[in-house]
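Worksheet: one structure, shown below.
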Amino acid sequence: MFDVLDRLPPDPILGVTAAFRADPSPHKIDLGVGVYRDERGITPVPEAVLHAERALIAGQSTKSYVGPLGNLEFNARIVELALGPLASQLKERIATIQTVGGCGALRLGAELIHATSPASVIHVSTPTWANHEPLIGNSGLRLERYPYYDAARRDVAFDAMHDALERLPAGAVVLLHACCHNPTGAELTPAQWRLVAEIVERRGLLPFIDLAYQGFGDDLETDVIGLRVLAERVPELLLAVSCSKNFGLYKERAGALVAICRSGTTAAAVATHQARIARRMYSMPPDHGAAIVARLLADAGLRGQWQQEVEAMVARMKSLRALLQSRLQARRPGTDFGWLTRQRGMFSLLGLDEPGLARLRSDFHIYVPPDGRINVAGISAANVDQIADAVATLLG
Ligand SMILES: Cc1ncc(COP(=O)(O)O)c(C=O)c1O
């Protein structure tokens, strides 16, 4: 059976970690995989999450199955976290399924679209997160691209994006990053979100929102302004939520796929399809991470503590952006590095060409994925000068 298989090339992002580990240099720096790290280089579990987890384990009396839709309290609380007051207004029109992380939500959303309308085309930003294409494309949906990033201005190419959306046919699916665009860090303004919502509504497009970094851009509310503008305005929307980053629950694989439907009757039908897709692929999601999140969000004290911990993480990322900006500015006074602090979240693109990226690794022992994305959380007071030296040299 298996002798016909050839070895596959490494995953573009996970392969960076393997290359980093193999480098014997004591000065090597890993700006690759997208996990938050603190000043010690550790990816911490927030204290509030640990408290919720301990309480959960202490009170757990069964490990019986949860059902294909997962933990229903988690589903309700995650919708409330993402949509705020809109959650109760739209309650009847919403169908939610707990998923295997944000990736599971993206895939299940793509499967749901494919089951409903197999000829649908899903439009993703150029560039987008490297895993969007395989995750969504493997469902059988056709993938196309819309312009998003202006590399010269290091900002959203909004006019081009707007024009592209205006040309899409009714029923086209548009994948949008809710915040902290991966890999560019370039964000839509609230006014631009309103324009997008207007086009989506007028042209009958289906927005599919990827919310993997709520709280990592500015704060838990600001980061979902665009999502809420759309949810309020459009009749149908899909939302893929990940709890990996903001709850620090990466390996627990907690996420949700939320479908806002035109009516309560449709939402009830959609829930049966969500459950069937899950049942056919993996039957039921893992319970632990979602149960922790449900417990934390239900407890006002833990929720407040967690919010403060997320705020501390984002403050750190913003200060690291400012630190790298100032060190680069000092080395190249004639170049504007203001984009580093204008962009949001864990990622930015260095803007190096291919030879520059190769030298980043060979000459400076700095590891980034092939698109030149940096994980800002990998910067520290100890390594910032090495990074600034490398980038200032290689920008040409
Ligand atoms: C843009 C984006 N979407 C979704 C995800 C999925 O996250 P996970 O499946 O780890 O919850 C990630 C993770 O890196 C991401 O960067």
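The values are calculated or read from the model by the stated rules, or taken from the named source; none is laboratory data. Owing to the predicted nature of the structure, the values given are computational and were not obtained by experimental measurement. As a convention, Cβ positions derive from the backbone with ideal geometry for all residues, glycine included, and neighbour counts pool all protein chains shown. Quick note on the areas: whole protein, heavy atoms, side chains included, nothing else; ligands and nucleic acids left out. Shrake-Rupley method; radii C 1.70, N 1.55, O 1.52, S 1.80 Å.
The table that follows gives values for the structure above.
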read-out	value
Of residues in region 353-375 being within 23 Å of the chain's Cα centre (by Cα) and farther than 21 Å from S25 by Cα, the one surrounded by the most Cβ atoms within 10 Å (Cβ to Cβ)	R373
Residue match in region 158-178 (condition: over 27 Å from E198 (Cβ atoms), out of contact with any strand residue (DSSP E or B) (no Cβ under 9 Å at 6 or more places or on another chain) and either touching a residue at least 12 places away in the same chain (Cβ under 8 Å) or more than 15 Å from the ligand (Cβ to nearest atom) (or both))	no
Qualifying residue in region 128-138 (condition: more than 16 Å from the ligand (Cβ to nearest atom), farther than 19 Å from Y282 by Cα and either open to solvent by less than 20 Å² (accessible area, probe 1.4 Å) or not hydroxyl-bearing (S, T, Y) (or both))	no
Tally of residues being more than 14 Å from the ligand (Cβ to nearest atom) and more than 10 Å from G140 (Cβ to Cβ) across region 103-118	3
Filter result for the condition that a residue is touching a residue at least 60 places away in the same chain (Cβ under 8 Å), basic (K, R), within 30 Å of N375 (Cα to Cα) and part of a helix (DSSP H, G or I), over R77, R37, R107	R77
Residue in region 7-27 that is surrounded by 21 or more Cβ atoms within 10 Å (Cβ to Cβ) and modelled with pLDDT under 95 present	yes
Residues within region 161-215 that are hydroxyl-bearing (S, T, Y) and crowded, with 23+ Cβ neighbours inside 10 Å, tallied	2
Check on A170, more than 21 Å from Y250 (Cα to Cα) and assigned to a loop (DSSP other than H, G, I, E, B)	yes
Considering residues of region 28-48 that are open to solvent by 40 Å² or more (accessible area, probe 1.4 Å) and in contact with a Lys or Arg (Cβ under 8 Å, 6 or more places away or on another chain) only, the residue nearest to N383 (Cα to Cα)	E39
Scan of region 229-272 for residues that are open to solvent by 20 Å² or more (accessible area, probe 1.4 Å), within 12 Å of the ligand (Cβ to nearest atom) and either touching a Leu at 6+ places or on another chain (Cβ under 9 Å) or at positive phi (or both), ordered by number	R253
Unmet criterion (only one of (1) touching a helix residue (DSSP H, G or I) at 6+ places or on another chain (Cβ under 7 Å); (2) open to solvent by 80 Å² or more (accessible area, probe 1.4 Å)) for Q325	(2)
Subset tally (residues that are surrounded by 16 or more Cβ atoms within 10 Å (Cβ to Cβ), among the aliphatic types (A, V, I, L, M) and outside any helix (DSSP H, G or I)) for region 376-396	2
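To keep it simple, each residue is scored yes or no on (1) touching a Cys at 6+ places or on another chain (Cβ under 8 Å); (2) of a type outside the set (K, R); (3) within 29 Å of F247 (Cα to Cα).
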position: S139; (1), (2), (3): no, yes, yes
position: R145; (1), (2), (3): no, no, no
position: L175; (1), (2), (3): no, yes, yes
position: E201; (1), (2), (3): no, yes, no
